[in-house]
1. When the range 8-26 is examined, which residues are found to be among the basic types (K, R) and in contact with a helix residue (DSSP H, G or I) (Cβ under 7 Å, 6 or more places away or on another chain)?
2. Quick one: count up the residues across the range 115-133 that are of a type outside the set (A, V, I, L, M) and closer than 17 Å to A149 by Cα.
3. Any chance the range 48-56 includes a residue that's under 21 Å from I192 (Cβ atoms), of a type in the set (S, T, Y), open to solvent by 10 Å² or more (accessible area, probe 1.4 Å) and without any contact (Cβ under 8 Å) to a residue 24 or more places away in the chain?
4. Considering every residue within the range 81-100, establish whether at least one is in contact with a Ser or Thr (Cβ under 7 Å, 6 or more places away or on another chain), buried (at least 16 other Cβ atoms within 10 Å of the Cβ) and of a type in the set (V, I, T).
5. How about the range 107-147: which of its residues are assigned to a loop (DSSP other than H, G, I, E, B), within 19 Å of C36 (Cβ to Cβ) and either open to solvent by 60 Å² or more (accessible area, probe 1.4 Å) or out of contact with any strand residue (DSSP E or B) (no Cβ under 9 Å at 6 or more places or on another chain) (or both)?
6. Considering the range 172-195 alone, what residues qualify as being open to solvent by 10 Å² or more (accessible area, probe 1.4 Å) and farther than 17 Å from T227 by Cα?
7. If you go through the range 153-182 one residue at a time, how many are under 14 Å from the mean Cα position of the chain (by Cα) and under 14 Å from A222 (Cα atoms)?
8. Determine which member of the set N34, N102 is on the phi > 0 side of the Ramachandran plot and at pLDDT 95 or above.
Amino acid sequence: MTAPTWRVVDEGAIARAAAGEVVRSVRKIVAERNDCSVVLAGGNTPRELYSLLASDSYRSLIDWSRVSLFWSDERCVPPDDPASNYSMVRETLISRVPVAPNSVHRMRGELPPEEAATLYTEQIAAFFQGSGPKFDLILLGMGADGHTASLFPDTPYLTGGERYVVPTESPLPPHQRVTLTLKSINAAGNVIFMVQGRSKAPALARVRATIGGQETGLLPAALVNPTRGSLLWLVDSAAAGESSR
């Protein structure tokens, strides 16, 4: 098991802390290989991060022409729907940085879920030239129920299966989703969780207990364990309150 790194920051400081980590990771990977694949998360915390990365202070710190963007999950809605993860990233980041259009690999949320999952699997296979996904950097959040991406506690294929992308259902609307599986996530070189808010504290406490061996369970976030890379949990003081006892 990869030993995770835990970093607690002040409330309101998650986006800036994450931006520093993203810049450092991407620059290092681009220097080594001349390109970098980044998987983006949806949600309010990542929204703040993307806006910051696209700001005047950060935009030029990354060579966006060398970056390929993917998504951890998507709601099954059209790409211009306000609920679309792609739409949020396009608004906050893609429209404001010089990333190449053919380097933006979105999930087709407007398609039936199984079709969208199959198509994204094919896109990933083409990008990695027929091998399984080995993303350089994956950004993730965690819900109050311990879900990450659109992997919920009762998601099929959660702890097994050979698929890299699957259709799934959320307890909250939009219910139909498409998501990377743990098989895809755990093959990444670097994974960064961003968790903020007191509502996340109980689930975060369970995640830490599971990782530490004091609890067993199927909280999806606790099952993220990159087999070849690093795992960083960026947590604000409110979310860490219960877990740090």
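The values are calculated or read from the model by the stated rules, or taken from the named source; none is laboratory data. No experiment lies behind these values; they were computed from the predicted model shown. Here the Cβ is made from the backbone with ideal geometry for all residues, glycine too, and neighbour counts use every protein chain on show. With ligands, DNA and RNA removed, areas are computed over all heavy atoms of the protein, side chains included. Shrake-Rupley method; radii C 1.70, N 1.55, O 1.52, S 1.80 Å.
1. So in the range 8-26, the residues among the basic types (K, R) come out as 16, 24.
Hit for the range 8-26 is R16, nothing else.
2. Filtering the range 115-133 for residues of a type outside the set (A, V, I, L, M) gives 115, 118, 120-123, 127-133.
Okay, now just the ones that are also closer than 17 Å to A149 by Cα, so 120-121, 133.
Residues that pass the stated criteria total 3.
3. Just the residues of the range 48-56 that are under 21 Å from I192 (Cβ atoms), to begin with: 48-55.
Of the ones still in play, those that are also of a type in the set (S, T, Y) are 50-51, 55.
Still in the running and open to solvent by 10 Å² or more (accessible area, probe 1.4 Å): 51, 55.
Still in the list and also without any contact (Cβ under 8 Å) to a residue 24 or more places away in the chain: 55.
Yes, the range 48-56 has at least one match.
4. yes
5. Just the residues of the range 107-147 that are assigned to a loop (DSSP other than H, G, I, E, B), to begin with: 107-112, 128-136, 142-147.
After this cut, where a residue has to be within 19 Å of C36 (Cβ to Cβ) as well, the list is 128-129, 131-136.
Those that are assigned to a loop (DSSP other than H, G, I, E, B), within 19 Å of C36 (Cβ to Cβ) and either open to solvent by 60 Å² or more (accessible area, probe 1.4 Å) or out of contact with any strand residue (DSSP E or B) (no Cβ under 9 Å at 6 or more places or on another chain) (or both): Q129, S131, G132, K134.
6. From the range 172-195, those open to solvent by 10 Å² or more (accessible area, probe 1.4 Å) are 172-177, 182-183, 186-187, 189-190; that's our starting set.
Of everything in the range 172-195, those that are open to solvent by 10 Å² or more (accessible area, probe 1.4 Å) and farther than 17 Å from T227 by Cα turn out to be L172, P173, P174, H175, Q176, R177.
7. 2
8. Values: N102 fails: on the phi > 0 side of the Ramachandran plot.
N34 is the lone residue from the list that is on the phi > 0 side of the Ramachandran plot and at pLDDT 95 or above.
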